Amino acid sequence: VGRRINLPELRCTVCGAAGEGGWRCRCGGPLDLPEAVVTGVDRLSGAGLRRYAPFVPLPAEMLERVSLGEGGTALVAAGDLPGVWLKLEFVSPTGSFKDRGAAVLVASALTRGAAALVADSSGNAGSAIAAYAARAGLACTVFVPSGTSPAKQGQIRAYGADLRVVGGDRSAAAEAAIAAVSPETGSTYASHVYDPMFLQGTKTFAYECWEQLGRAPDAVVVPVGNGTLALGAFRGFRELLAGGLVDRMPRLIAVQSERCAPLAAAWASGEAVPAKVPPAPATVAEGIAIRTPARGAQVLAAVRSTRGCVLSVPEAAIAPAQADLGRRGLLVEPTAAVAWAAALLLSRHPAMAAVAVDRSGWRDAGVSGTMVVPLCGSGLKTA
Ligand SMILES: *Cc1c(COP(=O)(O)O)cnc(C)c1O
């Protein structure tokens, strides 16, 4: 512990300046790492996220030390939708894909000598960071907005984290977390949104799709709030493409809930940077109700470069999509049904027959070939 690693150079995703050691750029933009060079895949060994340790800029033994067996989620055929695959991210140690990012983020914090972590979350990221902090023996404080469900609050507490409930919305929780960080006492802002190491974990989603399918899918339909899975998947496929392991980038179909859709709105109007959307009536997709996604411009650019699109689905589509998954033996939380709702609507599936949807923004969403839809969070969190 305490050994410093030479992270490849961090760059601001907004102004391009080099990182100076803070959790974000001086201009306020989130930092990111250069793409990894993917070689020697014939020597990959082990299961789950740790299999891809050679492409994560951390000592493999640190990942090993904090791992709870995350990653390695099943990819199952949807059956009646030919070419559509479901990736069961909800079968993760804390019940969401956030475990991929949290494992790497916490291993990185431990490697850099952090003594305590401070995080903010609307639920699942807080649970994941709390669990991996516990595993790593680090103290952890998690700030959540007061709207966070009691079950998710209980999950965070169960991992021994100091849970602080903050009045106001998601950004109020972020502000409280940042104010609580004190470098003098060794506490670190463990932000799943800003810390580039989180994306080093979520990128393994793409590596697994490639190994499980034997190639890249034609499209990935991913729910987007802050975009940590979308950007991780984008990064992973870019690295695989540069390494000559896949022959194309899958189209990224990013999906939001119509009640909180800053990225879909920016996409529809051709903006490169999302505008803050007004507070909207609550959506059952609480996990993606992010009004000001810090990496929003990065998400829009990623989607554009894959010739994908950003869609929003009607609130009324979410419950039927969740129920449809249940009838397939898959219990997910409402947020995790949003991407599936989009996939069903795109395929004009009978489960969506009663749902009215304005398809004017869906022009670019036509998908043929293989499509992967991650199911991001467990229904046991909200059952
Ligand atoms: C976090 C989360 C998302 C969205 O991830 P972002 O990084 O905010 O885009 C979607 N579904 C579930 C279940 C989540 O926990």
* What length, rounded to one decimal in nm, is gained on full extension from THR185 through to ALA353, with 0.36 nm per residue of separation minus their alpha-carbon distance? -> 54.8 nm
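With every protein chain left in place, what is the accessible area per residue of the chain in square angstrom, probe 1.4 Å?
Per-residue accessible area for the chain comes out at 38 Å².
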* Inter-site label distance for ARG328 and ALA158 at 7 Å from Cα along Cβ, in nm -> 2.6
* Asked: Starting at 0 and stepping by 10 Å, how many percent of the alpha carbon pairs of region 12-151 end up in each bin?
  -> 11, 30, 37, 19, 4, 0
* Structure fact -> the chain, Kirkwood Rh and Cα Rg, ratio Rg/Rh at 0.93
* To do: Could you work out how far apart the two model spin labels at ALA151 and ALA301 are, taking each label as a point 7 Å from the Cα in the direction of the beta carbon, and quote it in nm?
  => 3.8
* Excluding same-chain residues fewer than 8 positions from LYS87, which lysines have a Cα within less than 23 Å of its Cα? -> LYS98, LYS152, LYS203, LYS381
* Based on Cα positions only, what radius of gyration and what Dmax would you give for region 330-383, in angstroms? -> 12.6, 35
* Within the P(r) computed for region 261-347, what percentage of the Cα pairs occupies the region above 22 Å? -> 32
* Given the rule -39500 (n - 2.57) for each run of at least 4 DSSP H residues, summed and divided by the residues of the chain, what is its mean residue ellipticity at 222 nm, to the nearest 500 deg cm²/dmol? -> -10000 deg cm²/dmol
* Asked: Ranked from highest to lowest mean number of other Cβ atoms within 10 Å per residue, what is the order of the peptides 86-93, 335-342, 120-127?
  -> 335-342, 120-127, 86-93
* Per q in 0.08, 0.10, 0.15 1/Å, what log10 I(q)/I(0) does a Debye calculation on the alpha-carbon atoms of region 192-332 return? -> -0.22, -0.34, -0.77
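I need the per residue convex hull volume for region 18-61, using only the alpha carbons, in cubic angstrom as a whole number.
Enclosed volume per residue, from the Cα hull, is 104 Å³.
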* Calculated FRET efficiency for the pair LEU213/GLU35, C-beta based, R₀ 30 Å, to 0.05 -> 0.90
* Structure fact -> In the chain the DSSP beta bridges are antiparallel at a rate, in percent to nearest 5, of 25
* Between LYS276 and ALA319, what is the spin-label point distance in nm, taking each point 7 Å from the Cα along the Cα→C-beta axis? -> 3.2
* Charge dipole of the chain about the Cα centre (unit charges at C-beta), most positive-ward option of LEU241, PRO334, ILE288 -> LEU241
* To do: With the full set of protein chains in place, find how many percent of the accessible area of region 35-139 is carbon and sulfur; take the probe as 1.4 Å.
  => 54
* To do: Classify region 139-179 as rounded, prolate or oblate, taking a ≥ b ≥ c as the square roots of the eigenvalues of its Cα gyration tensor: rounded when a/c is under 1.5, otherwise prolate if a/b is larger than b/c and oblate if not.
  => oblate
* Asked: Relative to the present Cα-Cα distance, how much length would full extension add between ARG248 and ALA60 at 0.36 nm per residue of separation?
  -> 64.8 nm
* **Solvent-accessible area, 1.4 Å probe, carbon plus sulfur percent, for region 223-352** => 56
* **Translational D in µm²/s for region 174-258 (Stokes-Einstein at 37 °C, 0.692 mPa s, Kirkwood Rh from C-alpha pairs)** => 229
* Amide H neighbours of VAL142 under 5 Å, counting only residues 5+ apart in sequence or on other chains, H built in-plane at 1.01 Å? -> ALA119, ASP162, LEU163, ARG164
* Asked: What FRET efficiency do you get for ARG26 and VAL165 if R0 is 56 Å and r is their Cβ-Cβ distance, rounded to the nearest 0.05?
  -> 0.95
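The values are calculated or read from the model by the stated rules, or taken from the named source; none is laboratory data. Because the structure is predicted, anything quoted here is derived from the model rather than measured. Note that we place each Cβ from the backbone using ideal geometry, even for glycine, and neighbour counts take in every protein chain shown. Side chains included, ligands, DNA and RNA excluded: accessible areas come from the protein's heavy atoms. Shrake-Rupley method; radii C 1.70, N 1.55, O 1.52, S 1.80 Å.
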